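*Asks:* One structure coming up, written as structure tokens, with questions to follow.
Readers should treat all values here as calculations from the given coordinates under stated rules, not as data from a laboratory. Just so it is clear, the model here is predicted, and its values are computed rather than measured. Cβ coordinates were reconstructed from backbone atoms using ideal geometry, including for glycine residues, and neighbour counts include every protein chain displayed.
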Amino acid sequence: MIRGIRGATTVLQNEADQIIEHTRALVEEMAMKNQINPDDIASVLISVTSDITASFPAKALRLLDGWTYVPVMCMQEIDVPGSLEKCIRVMITVNTTIEQKEIQHIYHHGAKVLRPDLLR
């Protein structure tokens, strides 16, 4: 079965090191909690708010063992007035046997406000 696994994080500063580190930590936890094998990933979509421009967050995935060939794409999030600032959102599409209700969506830092109903 193909499932989508959501995650999001925020950064305090528009700095490349922080963007990469927060994205790496988020994706590592998403993979661990959902038992993701990189070979089972169809693709990863990463969106950022318009105030994140210092680096492509996708670079973080290239630091992870086994993720070299995982297709990744970055894009800009819709700029909705009043929305969460400095936010990085990740959607991993993966082949898994985990049931939809058992998927663990991961939210770090300020992004925890986006889906408090999904936090465990």
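*Asks:* Pick from M91, M75, M30: which residue has the top mean-square fluctuation in a GNM of the chain where Cα pairs under 10 Å get a spring?
*Replies:* Comparing M91, M75, M30 in a Gaussian network model of the chain, the most mobile one is M75.
*Asks:* What's the angle, to the nearest 10 degrees (0 to 90), between helix 16-33's Cα axis and the longest principal axis of the chain?
*Replies:* Between the helix axis and the principal axis of the chain, the angle is about 30 degrees.
*Asks:* Here's something else I'd like to know. List residues of segment 1-38, by number, whose backbone nitrogen lies under 15 Å from a label position 7 Å along Cα→C-beta of Q100.
*Replies:* 1-6
*Asks:* If you don't mind, another one. For A8, which sequence-distant residues (separation of 5 or more, or a different chain) have an amide H within less than 5 Å of its own amide H, given hydrogens modelled in the peptide plane?
*Replies:* Correct list: V90, I106, Y107, H108.
*Asks:* Can you tell me the relative contact order of the chain? Whole percent, Cα pairs under 8 Å, sequence separation 6 or more.
*Replies:* Result for the chain is 43 percent.
*Asks:* Further, regarding this structure: Pick from D39, D65, D17: which is most flexible by mean-square fluctuation in a GNM of the chain where alpha carbon atoms under 10 Å apart are linked?
*Replies:* Checking each option, the largest mean-square fluctuation is seen for D65.
*Asks:* Each residue of segment 3-8 in order: what ³J(HN,Hα) in whole Hz does its phi give by Karplus 6.51 cos²θ - 1.76 cosθ + 1.60, θ = phi - 60°, with x for Gly and Pro?
*Replies:* 10, x, 10, 9, x, 7
*Asks:* Another question, if that's okay. For the chain, what does the helix formula give at 222 nm: sum of -39500 (n - 2.57) over DSSP H segments with n ≥ 4, over the residue count, nearest 500 deg cm²/dmol?
*Replies:* -5000 deg cm²/dmol
*Asks:* What residues have an amide H closer than 5 Å to that of V72, excluding those fewer than 5 places away on the same chain, when H is modeled at 1.01 Å from N in the peptide plane?
*Replies:* HN-HN under 5 Å from V72: V44.
*Asks:* Sticking with this structure for a sec: Sort L26, L118, L45 by Cβ crowding within 10 Å, fewest neighbours at the top.
*Replies:* Lowest to highest Cβ neighbour count: L118, L45, L26.
*Asks:* Right, next: Give me a comma-separated list of calculated 3J(HN,Hα) values for segment 105-116, in order, Karplus coefficients 6.51, -1.76, 1.60 applied at θ = phi - 60°, integers in Hz, x for any Gly or Pro.
*Replies:* 7, 10, 10, 10, 6, x, 6, 4, 6, 5, 9, x
*Asks:* Gaussian network model of the chain, Cα springs within a sub-10 Å range: biggest mean-square fluctuation belongs to which of I41, I19, I98?
*Replies:* Taking springs between Cα atoms under 10 Å, the residue moving most is I98.
*Asks:* For the chain, what value does the Rg/Rh ratio take when both radii are computed over Cα atoms and Rh is the Kirkwood radius, given to two decimals?
*Replies:* Rg/Rh for the chain comes to 0.94.
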